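Encoded as structure tokens, the structure appears first; notes follow it.
The values are calculated or read from the model by the stated rules, or taken from the named source; none is laboratory data. Values in this document were obtained by computation on a predicted structure and should not be read as measured data. Please note: Cβ atoms are built from the backbone with ideal geometry, for glycine as well, and neighbour counts cover all protein chains shown. Side chains are part of the model used for accessible areas, which takes the heavy atoms of the whole protein and leaves out ligands, DNA and RNA. Shrake-Rupley method; radii C 1.70, N 1.55, O 1.52, S 1.80 Å.
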Amino acid sequence: MIVKFPFRVEKSLILGKIHRPVAQVFFWSTSENRWTETWMIVDTGADYTLLPRFMANNLGVNLEKDCKVFNTYGVGGGEKVYFFPKIKVKLNDWEQMIPVGFLERNEVPPLMGRHLFLETFETLFSSDHTVSFSKK
């Protein structure tokens, strides 16, 4: 399986414009009993996949009952994370159960992290602004 996605061109206050590596990913929603499309930033610096808070409700996850709560720290400071141990994810024809963290805020982009997700693929960021995934 080889899947390619073009970088998304976005405005940057500092750089003018920036090319972000994104991938089309689907999460299984238990509340809607269907796949939900999400465009995610491919983040090799993220230990695990992180999603904005509003997605928990869309996917049928109750943050207070279904998740373990802890604090995480990164470049932007500290953040409360609701950790959900297993959710079904799909990239093209590949499917797997992965852990995800839901952040406290909604205005953060979904981040595709390494644990059980990026680490299962050979990932290439090429100069023609394409991110591609192939199964190891």
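In table form, for the structure just shown:
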| read-out | value |
| --- | --- |
| Spans of strands (runs of 3 or more DSSP E) in segment 43-136 with at least 2 residues more than 20 Å from E32 (Cα to Cα), open to solvent by less than 40 Å² (accessible area, probe 1.4 Å) and in contact (Cβ under 8 Å) with a residue 12 or more places away in the chain | 49-51, 77-91, 94-103, 130-135 |
| Pairs, first closer than 17 Å to T123 by Cα in segment 1-28, second of a type in the set (D, E) and open to solvent by less than 50 Å² (accessible area, probe 1.4 Å), C-beta under 7 Å, six or more apart | R20/E10 |
| Count - residues of segment 6-40 that are outside any loop (DSSP other than H, G, I, E, B), surrounded by fewer than 19 Cβ atoms within 10 Å (Cβ to Cβ) and touching a strand residue (DSSP E or B) at 6+ places or on another chain (Cβ under 7 Å) | 18 |
